[in-house]
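Step one of this worksheet: look at the structure below.
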Amino acid sequence: MSTIIALANQKGGVAKTTSTHNIGVGLAEQGKKVLLIDLDSQASLTISVGIEPLDIEKNIVNVLDKTKCEVSECIQKIRENLHIITSTIDLASLEMEMLSRASREKILDRALEPIKGEYDFILVDCPPQLSILTINALSCADGVIIPTKTDYLSYRGIELLMDTISEIRELINPRLEVLGTIATLYNMRSNDDKDILNGLKSKYNVMGVVKMLVSAKKGIYDGLSVVEKEPNNDISIEYIKIADMLIKENYEREVS
Ligand SMILES: Nc1ncnc2c1ncn2[C@@H]1O[C@H](COP(=O)(O)OP(=O)(O)OP(=O)(O)O)[C@@H](O)[C@H]1O
């Protein structure tokens, strides 16, 4: 069975998309079969992998709406071992329609059922709200990773997300596990960032610390992650480390 991981934070601009893309590439480069799911109507992940959202006829909207389209028809190949279900702006209006459906929290879970055995990892890039889409991602995930900036408001925002996660675990998905946080856009020269990082480490499992570097934005024009564009960059090293950690944890879970 696939391990489904949601990358979630109700805050925008905390590097959810960048983390999803780079960890996904890191896992694929280790020979794992990976499906990325863009669950944000801004389609940043879709654009980041070099796909024009409106060029794709069957996307996440078709996976979630009532047309009963086969999920396998909505998957695009990025390269060997790395696939994606893309998003478009139409997801914003579908979100409203989802609210009126029965079992609205399990729409994604049910839709993914036929392909759960086909991938080692499914990574879901959540939108920057605690919306029905994020709840759908958390309701089908085995684990959640919380990318967060090292500033005070982001740090405080995690508590809110943790409450939602506890509620989902209690009511909908008991197997949901908080895998940890990733400290993103970390400014090494700022004492505030250092203090917040220490606070994060004392409270949560910090899976990685990703520095704020201009190289994070370089591959975006040609659809490449930092891991592909500059594999020896500090950002790549950190994301590859997180990918390795996920592979190891998964292996240990399967063995035990
Ligand atoms: N390590 C980094 N150093 C510098 N810039 C970064 C880094 N990581 C991400 N960025 C940039 O920060 C911006 C926000 O990143 P990203 O789109 O991944 O965040 P997000 O949480 O998915 O945002 P949203 O939820 O609002 O779509 C982007 O311009 C991205 O290129």
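A short reminder: the numbers here are calculations on the coordinates, not readings from a lab. Just so it is clear, the structure is predicted and the values come from calculations on it, not from any experiment. Here the Cβ is made from the backbone with ideal geometry for all residues, glycine too, and neighbour counts use every protein chain on show.
Working ranking of peptides 133-144, 236-247 by packing, defined as the average number of other Cβ atoms within 10 Å per residue, highest first, is 133-144, 236-247. When the listed pairs K11/K106; K116/K201; K218/K241; K66/K149; K33/K211; K16/K201 are checked against a 30 Å cut-off, the alpha-carbon distance exceeds it for K116/K201; K66/K149. Which percent, nearest 5, of DSSP beta bridges in the chain are antiparallel? Antiparallel bridges: around 10 percent, rounded to the nearest 5. Annotation for D234 and R156: the two label points, set 7 Å from Cα along the Cα-Cβ direction, are 2.8 nm apart. Mean residue ellipticity at 222 nm, helices only, the chain: -12500 deg cm²/dmol; runs of at least 4 DSSP H residues each add -39,500 (n - 2.57), and the sum is divided by the number of residues.
Taking every Cα-Cα distance in region 1-41 and sorting them into 5 Å bins from zero, the calculated P(r) comes out as 5, 20, 31, 24, 13, 6, 1 percent.
Expressed as a fraction of 2.2 N^0.38 Å, the C-alpha radius of gyration for region 55-192 is 1.15.
The Kirkwood hydrodynamic radius of the chain, based on inverse pair distances between different Cα atoms, is 18.2 Å. Normalising the Debye intensity of region 171-246 to I(0), with uniform scatterers on Cα atoms only, and taking log10 at q = 0.25, 0.26, 0.27 Å⁻¹ returns -1.14, -1.18, -1.22.
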